[in-house]
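What follows is a single structure, written as structure tokens, with notes after it.
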Amino acid sequence: TRRSSDLTPQLAEAAQVPPYVVFHDRALREMAAGKPASREAMLGIAGVGERKLAQYGDAFLAVIARYISEN
């Protein structure tokens, strides 16, 4: 399955930006620990604002939801 760590480079490549522009490691660690299940919960993650939520939030929420359902 695709993990958020796999998703970041893919999204970065598609946007032609470095991976840290998508989300910094701190944000990814917080997502892994907290496993946010909603857009509102994603906004509670350091480094996730309205713009990044709009750009990348749904993709990351889908990966997190899939991980939760599989584990």
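Taking only pairs six or more apart or across chains, which ones have beta-carbon atoms under 6 Å, a first residue in region 17-42 that is at pLDDT below 90, and a second residue that is open to solvent by 50 Å² or more (accessible area, probe 1.4 Å)?
If the second residue must be open to solvent by 50 Å² or more (accessible area, probe 1.4 Å), the pairs left are PRO19/PRO9.
Taking the condition of being open to solvent by 70 Å² or more (accessible area, probe 1.4 Å) and within 15 Å of ALA14 (Cβ to Cβ), how many residues in region 55-67 meet it?
So the count comes out to 2.
Considering each residue of region 29-42, count those that are over 12 Å from ALA65 (Cβ atoms) and not in a helix (DSSP H, G or I), and give that number.
Matching residues across region 29-42 total 0.
On the given criteria, is ARG26 out of contact with any Pro (no Cβ under 9 Å at 6 or more places or on another chain), exposed (fewer than 12 other Cβ atoms within 10 Å of the Cβ) and assigned to a helix (DSSP H, G or I)?
In short, yes.
Rundown of residues vs (1) over 11 Å from the mean Cα position of the chain (by Cα); (2) of a type in the set (D, E, K, R), yes/no style:
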site	(1), (2)
GLN16	yes, no
TYR20	yes, no
PRO36	no, no
ASP58	no, yes
ALA62	no, no
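The values are calculated or read from the model by the stated rules, or taken from the named source; none is laboratory data. Note that this is a predicted model, so its numbers are computed, not measured. Counting neighbours? That spans all protein chains shown, and the Cβs are built from the backbone with ideal geometry, glycine included. Keep in mind that these areas ignore ligands, DNA and RNA; they rest on the heavy atoms of the full protein, side chains included. Shrake-Rupley method; radii C 1.70, N 1.55, O 1.52, S 1.80 Å.
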